[in-house]
Amino acid sequence: LEIIEGTFRNITYSGLQDAFSHLNSAKKVHVYGIGNSGIAAQEFKWKFFRIGINVEAITDPHQAVMEAALMTKESLMIGISVSGETEEVINAGKIAKNHGATVLAITSEKASQLAQIADLTLLITSKHNMYMGQNISPTLPFFLLFDLLYTELVAKDYLNRIVIRDKTLRALDK
């Protein structure tokens, strides 16, 4: 419960609205993460592409920098790192930003290198700051944040997003 409450305390409505706006307007969304953050990046992709967001999850450091080099001002790069200090994600973020992309950091550390290079930062609660936190999956706060963003995207364009989601689900039935 502490991780849920902490994540809700860290997230502002204006931050969610900014992230929503960037997600909605980006021609392509590139989500970067390594290790457990890479698992979170994959979850982000699976969740958001089903409602029509053109999204790619990148968990390989070499692919990350190559993709970042091809970004434009119409791209959104989302860097996921609990510590905000994952070198590979930071490097890709710097390259993406140099090519005009908007960089959104999702981290637990406001003063981290990733947060410093980002145009927008959404803060999650880290399990390391919690009693018995080692027993909680490090991806849980990311998934909670993704659900908040997903719900907002669907609510703002309900009919369109539901039609797209239903098309993807029907494709699985065949």
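The values are calculated or read from the model by the stated rules, or taken from the named source; none is laboratory data. Bear in mind the structure is a predicted one, so any value in this text is a computation, not a measurement. Cβ atoms come from the backbone with ideal geometry, glycine included; neighbour counts cover every protein chain shown. To get the accessible areas, we keep the full protein, side chains included, count just its heavy atoms, and leave off ligands, DNA and RNA. Shrake-Rupley method; radii C 1.70, N 1.55, O 1.52, S 1.80 Å.
List of remarks:
- Charge dipole (Cα centre; +1 on Lys/Arg Cβ, -1 on Asp/Glu Cβ; no other charges) of the stretch 58-132 amounts to roughly 200 debye.
- A full extension of the chain between ALA111 and ASN98 corresponds to an added length of 2.6 nm, given 0.36 nm per residue minus the alpha carbon distance.
- TYR158 - accessible surface, heavy atoms, 1.4 Å probe, Å² rounded to 10: 130
- Computed about the Cα centre, the dipole magnitude for the chain is approximately 520 debye when only Lys and Arg (+1) and Asp and Glu (-1) carry charge, each at its Cβ.
- Among THR72, THR121, VAL82 - extreme Cα towards positive end, dipole of the chain, charges at beta-carbon: THR72
- Mean residue ellipticity, 222 nm, helices only, the chain: the sum of -39500 (n - 2.57) across DSSP H runs of n ≥ 4, divided by residue count and rounded to 500, is -16500 deg cm²/dmol.
- Taking all protein chains as shown and a probe of 1.4 angstrom, LEU120 keeps an accessible surface of around 30 Å².
- Estimated at 0.36 nm per residue, the fully extended path between ILE162 and GLU56 surpasses their Cα-Cα distance by 36.1 nm.
- Simple label model, 7 Å out from Cα along Cβ direction - ASN36 to GLU87, nm: 2.1
- Solvent exposure of GLU74, expressed as accessible area, is near 90 Å², computed with a probe of 1.4 Å over the protein chains only.
- Subtracting the Cα-Cα distance of LYS174 and GLU152 from 0.36 nm times their residue separation leaves 5.0 nm of extension gain.
- Dipole-positive endmost among GLN17, LEU172, ALA40 within the chain (Cβ charges, Cα centre): LEU172
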